[in-house]
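Have a look at the structure below before the remarks.
No lab work stands behind these numbers, since they all come straight from the coordinates. For clarity, every value in this text was computed on a predicted model and none was experimentally measured. With ideal geometry, Cβ positions are generated from the backbone for all residues, glycine too; neighbour counts draw on all protein chains shown.
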Amino acid sequence: MAETHLSPRIIPDRLQSRGSRALKSWESLLLVVAILIFAINSFASPYFLDPWNLSDATFNFTEKALIAFAMALVIISGEIDLSVASIIALSSTAMGLAVTMGADTPKLVVVGLGTGLLCGAVNGLLITGLGLPSIVVTIGTMSLFRGLSFIILGDQAYTGYPASFAYFGQGYVWWVFSFEFALFVFFAVVYSVLLHKTNFGRAVYAIGNNQTAALFSGVRVGRVKFILFLLTGLMAGIASVCLTSRLGSTRPSIALGVELEVVTMVVLGGVSILGGSGTIPGVVLAAFIMGMVTFGFGLLNVPGIVMSIFIGVLLISVIALPILWSRARRRRAH
Amino acid sequence: MATLLKNREILLVIAIIALVFLIALRFPGFVAPANLARVYNDTSILIILALGQMAVILTRCIDLSMAANLALSGMVAAMVNAAFPGIPIPLVILVVVALGAALGSINGLLVWKLDIPPIVVTLGTLTIYRGTIFLLSKGAWINAHQMSDAFKALPRAPLIGFPVLSWLSVLAIAAVYILMTRTPVGRAFFAVGGNPHAAVYTGIDVGRTRFLAYCLSGGLAGLSGYLWVSRYAVAYVDIAAGFELDIIAACVIGGISIAGGIGSVGGAVLGSLFLGVIKNALPVINISPFAQLAISGTVIIIAVAVNARTEKRKGRVILKKAEAV
């Protein structure tokens with residue numbers, strides 16, 4: 001489905017200098033937008049520029065951003081994982097089940113992360129082991145994983161998580177910096193290093209640009225992709241621990257539609273949906289932007305479903321705008 | 001016999017008959033003709049939607065917004081009927097089919113003119129259409145008492161022994177069958193999915209063909225919107241939420257290749273019937289309706305694995321394919 005580009009790729013005659021390239025990059029545009037939104041929000045509401053309010057605002061994006069880091073790698077490699085929200089649901093259900101069996105907090109975390117890893121492994125095996133298209137497989141596992149939590153929970157809900165479990169979603173590391181925000185910063189660094197400074201990261205780009213060429217140059221395509229789906233499952237598990245701890249309850253409909261927001265965040269961050277390009281700093285900025293916009297809407301009492309319209313429009317326009325822009329530039333060049 | 005078994009439609013017919021037979025062993029009432037007709041009637045809307053999705057998937061695209069389109073069209077149909085009960089129902093149907101086709105054409109235009117990957121486009125319009133229902137209805141429900149009797153009666157009105165709903169799906173099957181097998185557009189759907197580059201050289205406009213496929217899926221979703229709302233006599237933001245997965249499942253089960261170019265009307269219909277039989281059998285054999293989502297998911301995965309196996313091209317391997325690793 002990813003081969004709609006019939007026009008040849010244009011290679012520039014002269015490379016741009018490092019500085020001008022950085023200025024013209026998608027990331028610097030995102031930075032400007034982020035600063036603008038920050039300024040608008042602080043003018044629009046007198047409550048915005050309060051450290052505790054800003055700290056609350058981070059909860060809007062930290063859990064989704066954790067998944068978005070891994071999803072960025074998956075999308076750069078030319079695949080997609082639509083099952084992440086369902087992994088959150090299944091892993092939260094598993095933790096709820098563990099609570100009823102009397103598990104304590106460390107065991108709960110192990111169960112949550114383990115379920116995420118297991119789900120990721122299922123996706124990875126189906127996609128790399130059987131060679132199936134990731135979009136259909138993860139549409140299938142999206143209903144399978146959530147379906148399993150519906151079978152386990154039905155119309156019930158799990159509550160009664162131990163008090164110490166609340167730390168992951170509600171605790172603060174230092175002053176206004178929440179545990180979730182610390183996780184966000186930690187994984188932003190980890191994934192930046194992984195994607196931009198390691199052989200593994202190079203392999204991810206290589207696969208996304210030309211899978212066959214990557215294979216012939218010795219990249220173990222199947223293994224790299226399997227690890228990517230495993231990582232996405234793990235990050236969904238981590239997000240599930242945070243979200244479950246923050247809400248203090250589990251329903252089968254938990255985190256419904258989150259996959260859309262995660263994909264939007266990744267694409268807004270400048271990752272090409274066709275694979276092969278994108279950066280983690282871009283995703284970090286996109287996370288801030290989406291978080292602040294939803295927080296700003298929240299201060300203005302906009303209902304959640306209207307925000308989802310905005311996210312849908314955002315998703316389409318961030319992909320459409322660069323295409324329109326480059327088309328206009330090419331027309332001028334002719 | 002061996003070639004017969006390779007035919008997806010015949011395999012599916014055998015699978016459906018086996019499934020029905022197994023259920024009938026314990027619950028003979030399930031195979032009573034009247035009940036089978038009811039099962040078909042209950043699956044009609046899924047069949048209509050699967051026909052549209054098939055056309056889109058054939059052209060190497062996907063339409064995740066069908067259920068949201070259905071819900072939006074259904075809401076508009078219900079609101080029009082609630083506000084102006086005097087408008088004749090055929091006109092209402094015409095309006096929602098046009099509205100559905102227009103919503104589908106938005107997907108089509110974005111895919112055609114802007115070259116945005118179909119999955120992103122329809123994932124985006126899926127939320128936009130759902131959100132629009134909220135904006136239109138302000139989150140309120142339109143209930144049975146607000147709809148006119150004629151509005152609610154049409155799908156279940158009997159016509160030569162079967163409800164109109166069943167007849168409409170038969171009509172849709174016939175129309176799409178003729179479109180697929182007897183018209184240039186139908187051939188173009190297959191050509192574009194089979195090999196877009198070759199299609200360009202044979203004079204087919206790839207983008208325009210995809211656009212038409214989206215218009216078709218949108219129009220059928222609009223029709224289903226009216227049918228859904230009038231059949232269940234209620235319209236609200238979340239009707240048919242998640243149904244897009246069932247539609248794709250029906251197509252994948254029916255042997256329509258997600259890579260495009262392979263599929264048939266018979267496959268889409270039988271894939272829908274397979275799901276329909278399972279869905280109707282669950283309460284009979286005492287399995288919780290909550291299990292249905294997991295079953296659809298499992299069936300999608302099994303079906304796509306089977307498809308991948310049968311689609312493997314036979315012949316001498318000259319260059320090792322990257323996907324084989």
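Could you pull out the longest piece of chain B with no exposed loop trypsin sites (Lys or Arg not before Pro) in it, calling a site exposed if DSSP puts it outside H, G, I, E, B and it has at most 15 other Cβ atoms within 10 Å?
Numbers: sites that count: B:LYS138, B:LYS312, B:ARG313, B:LYS314, B:ARG316, B:LYS320, B:LYS321.
That gives B:139-311 as the longest site-free run.
Could you please report the charge total around A:PHE61, scoring K, R as +1 and D, E as -1 over all other residues with beta-carbon less than 12 angstrom from its beta-carbon? If you can, show how the numbers build up before the last one.
Working: positive: A:LYS64; negative: A:ASP56, A:GLU63, A:GLU180, A:GLU261.
My count for the surroundings of A:PHE61 gives -3.
Go ahead and collect, in residue order, the members of region A:97-126 whose backbone nitrogen is under 16 Å from a label point 7 Å along the Cα-Cβ direction of A:GLN170.
A:105
Answer with one residue from A:VAL189, A:SER28, A:VAL284: the one whose Cα lies farthest towards the positive end of the charge dipole of region A:26-321, charges on Cβ with Lys, Arg +1 and Asp, Glu -1.
Result: A:VAL189.
Which of the three applies to region A:138-240, rounded, prolate or oblate, going by the alpha-carbon gyration tensor with a ≥ b ≥ c and a/c under 1.5 meaning rounded?
Details: a/c = 4.42, a/b = 1.45, b/c = 3.05.
Cα axes put region A:138-240 in the oblate bin.
What percent do you get for the relative contact order of region B:42-308 when only Cα pairs under 8 Å and 6+ apart count? Could the numbers behind the result be given before it?
Details: 466 pairs, mean separation 98.6, N = 267.
With pairs under 8 Å counted, the relative contact order is 37 percent.
Across 10 Å bins from the origin, how do the percents of Cα pairs in chain A run, short distances first?
Each 10 Å bin holds this share of Cα pairs: 6, 24, 33, 24, 10, 2, 0, 0.
In the protein assembly as shown, if the dipole is taken from +1 on Lys/Arg beta carbons and -1 on Asp/Glu beta carbons about the Cα centre, which of B:MET147, A:PHE310, A:GLY269 is farthest to the positive end?
In the protein assembly as shown, that residue is A:GLY269.
Considering the Cα trace of region B:42-308, what is its radius of gyration and what is Dmax, both in angstroms?
18.0, 56
Suppose R0 equals 30 Å. What FRET efficiency, 1/(1 + (r/R0)^6) with r the Cβ-Cβ distance, do B:VAL306 and B:VAL185 give to the nearest 0.05?
On the way: r = 29 Å, r/R0 = 0.97.
Between B:VAL306 and B:VAL185 the formula returns 0.55.
Tell me what the protein assembly as shown gives for mean residue ellipticity at 222 nm when only DSSP H runs of n ≥ 4 count, each as -39,500 (n - 2.57), the sum divided by the residue total, rounded to 500 deg cm²/dmol. Display every interim value, and only then the final one.
On the way: 29 runs with 467 residues, N = 659.
Result for the protein assembly as shown, helices only: -23500 deg cm²/dmol.
To the nearest 0.05, how large is the calculated FRET efficiency for A:ALA163 and A:LEU256 if R₀ is 25 Å and r is the Cβ-Cβ distance? List each step's numbers first, then the result.
Values: r = 27 Å, r/R0 = 1.09.
Efficiency, from the Cβ-Cβ distance: 0.35.
If we count every other residue with Cβ under 14 angstrom of B:VAL277's Cβ, Lys/Arg +1 and Asp/Glu -1, where does the sum land? Provide the component values of the computation, followed by the final result.
Values: positive: B:ARG38, B:LYS279; negative: B:ASP42, B:ASP246.
With Lys, Arg at +1 and Asp, Glu at -1, the neighbours total 0.
Run the numbers for B:LEU282 and B:ARG156: contour at 0.36 nm per residue of separation, minus the present Cα-Cα distance, in nm. Please report the intermediate quantities before stating the final value.
Values: separation 126, 0.36 × 126 = 45.36 nm, distance 2.34 nm.
Gain in length upon complete extension: 43.0 nm.
List B:THR298, B:THR122 from most exposed to least, where exposure is judged by having the fewest other Cβ atoms within 10 Å. Mind dumping the intermediate values first?
Numbers: B:THR298 17, B:THR122 29.
Arranged by neighbour count, lowest to highest, B:THR298, B:THR122 become B:THR298, B:THR122.
Summing Lys, Arg as +1 and Asp, Glu as -1, what charge do residues with Cβ under 13 Å from the Cβ of A:LEU247 carry, A:LEU247 excluded?
On the way: positive: A:ARG246, A:ARG251; negative: A:GLU63, A:GLU180.
Here the charged neighbours net out to 0.
Spin-label point model (7 Å from Cα, Cβ direction): what's the B:ASP205 to B:ALA83 distance in nm?
Each label point is offset 7 Å from its Cα along the Cβ direction, giving 3.4 nm.
Within region A:152-245, report the trypsin sites (Lys or Arg not before Pro) that DSSP leaves as loop and that have at most 16 other Cβ atoms within 10 Å. Don't skip to the answer; put the middle values down first.
Values: sites: A:LYS197, A:ARG202, A:ARG220, A:ARG223, A:LYS225; in loops: A:ARG220.
Loop-located and lightly packed - A:ARG220.
Which residue, chosen from A:ALA333, A:ILE80, A:GLY257, occupies the Cα position most advanced towards the positive end of the dipole of chain A, where the dipole is computed from +1 (Lys, Arg) and -1 (Asp, Glu) charges on Cβ about the Cα centre?
Of A:ALA333, A:ILE80, A:GLY257, it is A:ALA333.
At a Förster distance of 51 Å, what's the computed FRET efficiency of B:ALA24 paired with A:LEU49, Cβ-Cβ distance as r, to 0.05?
Numbers: r = 69 Å, r/R0 = 1.36.
In this case the efficiency is close to 0.15.
Semi-axes of the protein assembly as shown's equivalent ellipsoid from the Cα gyration tensor, sqrt of 5 times each eigenvalue, largest first, rounded to whole Å? Working shown, then result.
Details: eigenvalues 299, 186, 147 Å².
That gives 39, 30, 27 Å for the three semi-axes.
Once you keep just the Cα pairs under 8 angstrom separated by 6 or more residues, what percentage relative contact order results for chain A? Provide the component values of the computation, followed by the final result.
Values: 482 pairs, mean separation 105.9, N = 334.
Reported as a whole number, the value is 32 percent.
Take a quick pass over the protein assembly as shown and tell me how many lysine pairs come in under 30 angstrom between Cα atoms, counting only ones 8 or more apart or on separate chains.
Qualifying lysine pairs in the protein assembly as shown: 23.
Filter the DSSP H helices in chain B by two things, a Kyte-Doolittle mean of at least 0.0 and an axial alpha-carbon span of 30 angstrom or more, and list the hits by number.
Once both thresholds are applied, what remains is B:33-58, B:89-114, B:206-232.
How big is the dipole moment of region B:101-250 about its Cα centre under a simple scheme where the beta carbon of each Lys and Arg is +1, that of each Asp and Glu is -1, and everything else is neutral? Debye, nearest 20, please. Each step should come with its number before you reach the end.
On the way: 10 positive and 6 negative charges, 42 e Å.
Here region B:101-250 has a charge dipole of around 200 debye.
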